[in-house]
Amino acid sequence: KIREGSLNALDLLGENKIHLIINTLSHDKNTLDDEKKMRRRAIQLGVPIVTTIQAAIALSTGLEHYLAGDLTVNSLQNWNAELRISK
């Protein structure tokens, strides 16, 4: 927790020891302040940050496909064309 002193997530971000943050929202005021500080610092340093469980799952799925070598890039126009053909 950031508010509890040093060697916290902000310190590790500043030392380039964190390369991805998955941080879902909380409703506790103290935690919300910490989350804002972490998001702001991550943006300043260009560290990707995921803020929902759904996005974390999508990221994980995408990374699995990428590492397996079966990830392809397709434009939205191609996806729409393929959807029309398959109907």
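With the condition kept exactly as written, say whether any residue in the range 45-68 is modelled with pLDDT under 90 and either of a type in the set (Lys, Arg) or in contact with a strand residue (DSSP E or B) (Cβ under 8 Å, 6 or more places away or on another chain) (or both). No, that holds for no residue. In the range 46-71, the residues that are surrounded by 12 or more Cβ atoms within 10 Å (Cβ to Cβ) form Cβ pairs under 8 Å with partners that are part of a helix (DSSP H, G or I) and among the hydrophobic types (A, V, I, L, M, F, W, C), at six or more places apart or across chains, as follows: Val47/Leu13; Ile49/Met38; Ile49/Ala42; Ile49/Ile43; Val50/Ala56; Val50/Leu59. Among the residues of the range 55-72, is any within 14 Å of Asn23 (Cβ to Cβ) and of a type outside the set (Gly, Ala, Ser)? Within the range 55-72, one or more residues are within 14 Å of Asn23 (Cβ to Cβ) and of a type outside the set (Gly, Ala, Ser). Tell me which residues, restricted to the range 31-48, are over 27 Å from Leu63 (Cα atoms) and polar (S, T, N, Q). Passing the criteria: only Thr31. Looking only at the range 1-30, filter to residues that are within 20 Å of Ala56 (Cα to Cα) and part of a helix (DSSP H, G or I); which one of those is modelled with the lowest pLDDT? The qualifying residue modelled with the lowest pLDDT is Ala9.
So that you can scan it fast, the table gives a plain yes or no per residue for (1) of a type in the set (Val, Ile, Thr); (2) assigned to a loop (DSSP other than H, G, I, E, B):
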residue	(1), (2)
Ile43	yes, no
Val47	yes, yes
Gln54	no, no
Leu59	no, no
Leu67	no, no
Asp70	no, yes
Trp79	no, no
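The set of residues in the range 7-24 that are surrounded by 10 or more Cβ atoms within 10 Å (Cβ to Cβ) and among the hydrophobic types (A, V, I, L, M, F, W, C) comprises Ala9, Leu10, Leu12, Leu13, Ile18, Leu20, Ile21, Ile22.
The values are calculated or read from the model by the stated rules, or taken from the named source; none is laboratory data. All values reported here derive from a predicted model rather than from experimental measurement. Glycine gets a Cβ as well: all are built from the backbone with ideal geometry, and neighbour counts include every protein chain shown.
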